[in-house]
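Engineer: Mind having a look at this structure? Questions to follow.
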Amino acid sequence: MGPSLAASVAVLLCVPRLAAQQRAITDSDLFAFHWVASPQIAPDGRQAAYVLVTVNAKHDGYDTSLWLVATDGVSPPRRITSGPHDGAPRWSPDGSTLAFLRPTDGHTQLYLLSLTGGEAQQLTDLPKGAGPAAWSPDGKTIAFTSTTAPEDLAKSDKKDEPKSDVRVITEAEFRADDEGYVDPGERGHIWTVPAVMPGDQPAKARQVTSGAFDENAPQWSRDGARIYFASDRVPESYYYPPDNNVYAVPAGGGTLDTVVDIDGPVFGPALAPDGKAVAFRGWVNPRATRSYNQSDLFVWRDRQVKNLTADYDFDMGGAVLGDQAPPRGGEGSSPNVWTADGRAVIVATTEHGRSNLVRFDAQTGAREPLTTGDHAVLAYTATPDARTFALTIGDPVHLPDVYVLDASTKRLRQLTHVNDSLFAKLQVVTPEDFWYPSFDGRKIETWILKPVGFTPGKKYPLILDIHGGPHTAYGYIFFHEMQWMAAKGYVVLYPNPRGSTTYGQEFGNIIQYKYPGDDYRDLMIAVDSLIRRGYVDSTKLGVTGGSGGGLLTDWAVGHTHRFAAAVSQRDVADWLGFWYTADFTLFRPSWFRSTPFRDPQEFLARSPVRYADSVTTPIMFILGEEDLRAPPNQGGEAMFRALKYLRKTTVMVRFPGESHELSRSGKPLHRVERLQHILNWFDKYLQGKPITRYDVR
């Protein structure tokens with residue numbers, strides 16, 4: 001059951017006193033959070049499968065299991081697999097069987113579960129594992145991707161001999177954050193396997209594609225004769241603007257045909273009911289390289305491409321930044337969905353921090369919202385006739401749950417309440433949304449969280465929380481970090497400065513070659529706008545942010561003395577070092593006009609460490625030691641060493657084994673300890689609490 005009506009009203013009105021049965025949220029409430037992921041609607045629309053993610057008993061990882069819930073909204077959800085790491089459920093066309101992934105001997109393999117009863121049976125047994133299932137229309141075959149190569153299948157007489165651990169690296173992108181070193185010889189190819197219960201032995205899978213390039217997201221033609229997929233088939237493609245195509249291959253293997261070819265990337269391709277058109281998200285590469293390219297919705301038919309959203313200047317796809325995406329659970333499918341008559345395409349779009357489903361006419365681009373509201377649609381799937389959708393939806397005061405949508409009536413019904421028992425005990429704060437004019441008159445959107453128990457007339461310390469990216473956006477989604485700051489007595493301010501997504505192409509790209517710069521000015525004007533409201537103590541200002549937000553935190557304390565405390569997380573401080581060490585390269589002039597070895601001055605001028613001499617703010621650096629996206633040595637470590645040389649007040653907190661995903665999918669223990677360090681630092685320097693842990697010993 002959900003919270004009482006009185007409790008809901010209290011949350012909405014931000015009442016100054018806690019309800020008797022409620023308490024403020026804490027850092028360790030994260031251990032009790034439940035997350036839903038990968039909503040999969042049954043073909044008949046009567047049930048939805050989903051992944052439930054929970055923190056394991058030792059609080060050092062996450063468990064996942066598969067659940068079913070009826071779409072009538074009456075029957076409670078029921079667990080159908082034991083876990084502890086099951087995921088990626090996919091329905092058979094007749095709705096009688098679920099294919100899913102389960103780790104087995106170090107690799108994920110496909111399993112089949114009959115919904116009429118019995119235990120799940122292992123379907124594949126490939127040395128490099130299998131990806132999510134794509135069922136053929138007749139339900140007799142499953143297509144999937146695997147990096148298994150012929151030599152992996154061959155028996156070797158030398159298997160007992162020691163293998164070299166030396167890496168021979170020939171490509172620039174040789175590491176990936178949260179994954180480690182990339183093997184350039186491993187390519188994801190399409191395989192098929194008979195979709196029958198295998199019994200005691202896994203079934204024999206057959207490789208359909210091969211070669212030097214990856215194939216992604218296989219889907220079948222309506223007659224089952226061909227398999228469609230997306231692929232970037234350019235060697236070392238990081239030298240060039242993004243450009244992948246849609247291809248088709250006979251289901252039994254053979255020659256590839258190019259189906260969609262534009263000068264740009266293709267995301268989420270979906271075959272029309274008549275098989276003669278493809279809908280997809282993406283963009284046509286502009287003549288001049290941009291830092292940010294906003295996706296549009298296209299339809300490819302008769303070798304001609306039509307942009308359905310040329311006059312709709314918002315993002316295709318749901319992209320609202322929070323810290324509670326399902327950790328290790330996968331978001332599931334969020335495809336472009338054709339209506340049964342082929343006259344429209346349904347897709348999630350994101351406007352001003354809100355994500356909703358919208359139906360677009362496939363000829364004219366005329367649009368009609370199917371969902372509305374201050375929330376974020378995170379993932380969704382549809383029945384074959386596109387009349388019923390299973391969605392995961394979250395908002396600023398609720399973690400996401402599973403919903404069902406009737407596309408004809410637009411009726412939305414909540415099916416799960418996985419966190420209601422916990423949140424009924426908590427006082428969470430509804431953010432206040434406001435717009436303000438920046439230095440050039442441009443309107444900027446921001447949100448405010450007032451402290452729990454807010455009292456008019458009292459002045460509070462402020463924390464400015466800056467998002468990363470830079471091309472992403474805050475919005476209507478739950479943010480545990482900010483809720484806990486509000487619970488600890490802080491006003492939290494979180495703007496979407498220029499460069500953020502969900503406000504149009506020009507707004508997102510305007511910071512190209514000027515990052516950081518004018519976006520910093522937007523942030524400071526946000527602080528000024530809030531101070532004028534009268535309830536912020538201007539002597540107790542704090543600033544924090546992660547990734548690109550860490551960069552702007554470093555930049556802020558090097559350009560103003562207004563902040564009394566700062567916490568920089570997973571930051572970029574030295575652009576020259578970042579260019580050489582990050583897991584992705586910047587060979588194309590999208591963020592910088594040149595390279596650090598040809599024009600180091602541009603990189604130096606925009607590097608926060610260059611301004612370490614000016615820093616007077618006590619600053620903490622939070623780093624993941626396995627972060628390959630913003631490697632510590634060029635970020636917080638560089639800033640820390642510079643500031644220590646200058647005898648400034650600083651501390652570095654390092655998390656072993658954690659990647660750039662520390663705040664979102666790191667170990668639960670580490671995620672909670674991270675929150676504790678952040679608030680300890682602000683409590684020490686903004687509220688004068690006697691915390692000695694960070695003093696030099």
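Engineer: Given the pairs Lys276/Lys410; Lys58/Lys458; Lys58/Lys450; Lys458/Lys514, which span a C-alpha to C-alpha distance of over 32 angstrom in this model?
Structural biologist: Listed pairs above 32 Å: Lys58/Lys458; Lys58/Lys450; Lys458/Lys514.
Engineer: Which of rounded, prolate or oblate describes region 344-458 when judged by the alpha-carbon gyration tensor and an a/c cut-off of 1.5?
Structural biologist: oblate
Engineer: Okay, moving on. Which of the chymotrypsin sites (Phe, Trp or Tyr not before Pro) found in region 357-454 are loop residues per DSSP with 11 or fewer other Cβ atoms within 10 Å of their Cβ?
Structural biologist: Taking region 357-454 and a limit of 11 other Cβ atoms within 10 Å, the loop chymotrypsin sites (Phe, Trp or Tyr not before Pro) found are Phe439.
Engineer: So who's got an amide H within less than 5 Å of the one on Phe655, skipping anything under 5 residues away but keeping other chains? H placed 1.01 Å off N, in plane.
Structural biologist: Leu623, Gly624, Glu625
Engineer: How high is the FRET efficiency between Ser221 and Asp263 when r is their beta carbon distance and R₀ equals 22 Å, given to the nearest 0.05?
Structural biologist: Efficiency at R0 = 22 Å is approximately 0.30.
Engineer: Relative to the longest principal Cα axis of the chain, at what angle does helix 518-531 sit, 0 to 90 degrees, rounded to 10?
Structural biologist: Roughly 60 degrees, rounded to the nearest 10.
Engineer: Could I ask something else about it? Using only alpha-carbon positions, what ratio does the radius of gyration of region 560-697 give when scaled by 2.2 N^0.38 Å?
Structural biologist: Compared with the compact-globule rule of thumb, region 560-697 sits at 1.11.
Engineer: Provide the FRET efficiency to the nearest 0.05 for the Ser538-Arg413 pair, computing r from the beta carbons and using R0 = 45 Å.
Structural biologist: Using R0 = 45 Å, I get an efficiency of 0.45.
Engineer: Quick one: Asp440, Asp44, fewest Cβ neighbours within 10 Å first, how do they rank?
Structural biologist: With the sparsest Cβ surroundings first, the list reads Asp440, Asp44.
Engineer: Right, here's the next one. Run the quick spin-label model on His59 and Arg641: label points 7 Å from Cα toward the beta carbon, then report their separation in nm to one decimal.
Structural biologist: 3.4 nm
Engineer: Cα gyration tensor of region 159-308, axes a ≥ b ≥ c as square roots of the eigenvalues: rounded (a/c below 1.5), prolate (a/b > b/c) or oblate?
Structural biologist: Oblate.
Engineer: Over all directions, how big on average is the projection of the convex hull of the alpha-carbon atoms in region 251-304, in square nanometres?
Structural biologist: 5.0 nm²
Engineer: What does the charge count near Thr430 come to, summing +1 for each Lys or Arg and -1 for each Asp or Glu among other residues with Cβ under 13 Å from its Cβ?
Structural biologist: -3
Engineer: Set the Förster distance to 35 Å, then compute FRET efficiency between Ser82 and Lys204 from the Cβ-Cβ distance, nearest 0.05.
Structural biologist: 0.85
Engineer: Quick one: what are the phi-derived ³J(HN,Hα) couplings along region 258-274, Karplus 6.51/-1.76/1.60 with θ = phi - 60°, whole Hz, x for glycine and proline?
Structural biologist: So the Karplus estimates, Gly and Pro as x, are 7, 9, 10, 9, 10, 7, x, x, 10, 10, x, x, 9, 6, 5, x, 7 Hz.
Engineer: While we're looking at this one, here's another question. Starting from 0.36 nm per residue, how many nanometres of slack lie between Asp361 and Asp440 once their C-alpha separation is accounted for?
Structural biologist: Roughly 24.7 nm would be gained on extension.
Engineer: Which order do Glu215, Glu445, Glu625 fall in if you start with the one that has the fewest other Cβ atoms within 10 Å?
Structural biologist: Fewest-to-most ranking of Glu215, Glu445, Glu625: Glu625, Glu445, Glu215.
Engineer: Under a plain spin-label model, where a point goes 7 Å from the Cα along Cα-to-Cβ, how far apart in nm are Tyr239 and Leu256?
Structural biologist: With each label point 7 Å from Cα toward Cβ, the separation is 1.8 nm.
Engineer: Which one, Pro202, Thr116, Gly185, is farthest towards the positive end of the dipole of the chain when Lys and Arg carry +1 and Asp and Glu -1 on their Cβ?
Structural biologist: Looking along the dipole axis, the top candidate is Thr116.
Engineer: Under a plain spin-label model, where a point goes 7 Å from the Cα along Cα-to-Cβ, how far apart in nm are Ala212 and Leu153?
Structural biologist: 2.3 nm
Engineer: For the chain, what does the alpha-carbon gyration tensor say about shape, rounded, prolate or oblate, given a ≥ b ≥ c as the root eigenvalues, a/c under 1.5 as rounded, and a/b over b/c as prolate?
Structural biologist: prolate
Engineer: Next up: Taking neighbour Cβ counts within 10 Å as the exposure measure, how do Leu426, Leu523 sort from fewest upward?
Structural biologist: Leu426, Leu523
Engineer: Under a cut-off of 19 Å between alpha-carbon atoms, report the aspartates and glutamates in cross-link reach of Lys163, not counting same-chain residues fewer than 8 places apart.
Structural biologist: Glu151, Asp152, Asp183, Glu186
Engineer: Please determine, in degrees from 0 to 90 and to the nearest 10, the orientation of helix 548-559 with respect to the longest principal axis defined by the Cα atoms of the chain, where the helix direction is its Cα long axis.
Structural biologist: Around 20 degrees separate the two axes.
Engineer: Could the peptides 656-668, 499-511, 177-189 be put in order, highest first, of the mean number of other beta-carbon atoms found within 10 Å of their residues?
Structural biologist: Top to bottom by mean Cβ count within 10 Å: 499-511, 656-668, 177-189.
Engineer: Here is a further query. 5 Å is the cut-off here: which amide hydrogens, built 1.01 Å from N in the peptide plane, fall below it relative to Leu321, excluding neighbours closer than 5 in sequence?
Structural biologist: Ala473, Tyr474, Gly475
Engineer: For Gly188, what charge total do you get from the other residues with a beta carbon under 15 Å from its beta carbon, if Lys and Arg give +1 and Asp and Glu give -1?
Structural biologist: Here the charged neighbours net out to -4.
Engineer: What percent do you get for the relative contact order of the chain when only Cα pairs under 8 Å and 6+ apart count?
Structural biologist: Worked out over the chain, it gives 12 percent.
Engineer: Continuing with the same structure: Which entries of Lys667/Lys689; Lys425/Lys488; Lys459/Lys684; Lys488/Lys644; Lys459/Lys540 show an alpha-carbon separation above 20 angstrom in the structure shown?
Structural biologist: Those over the limit are Lys667/Lys689; Lys488/Lys644.
A short reminder: the numbers here are calculations on the coordinates, not readings from a lab. Every value quoted in this text rests on a predicted model; they were computed, and no experiment measured them. Virtual Cβ from ideal backbone geometry, glycine too; neighbours counted across all protein chains shown.
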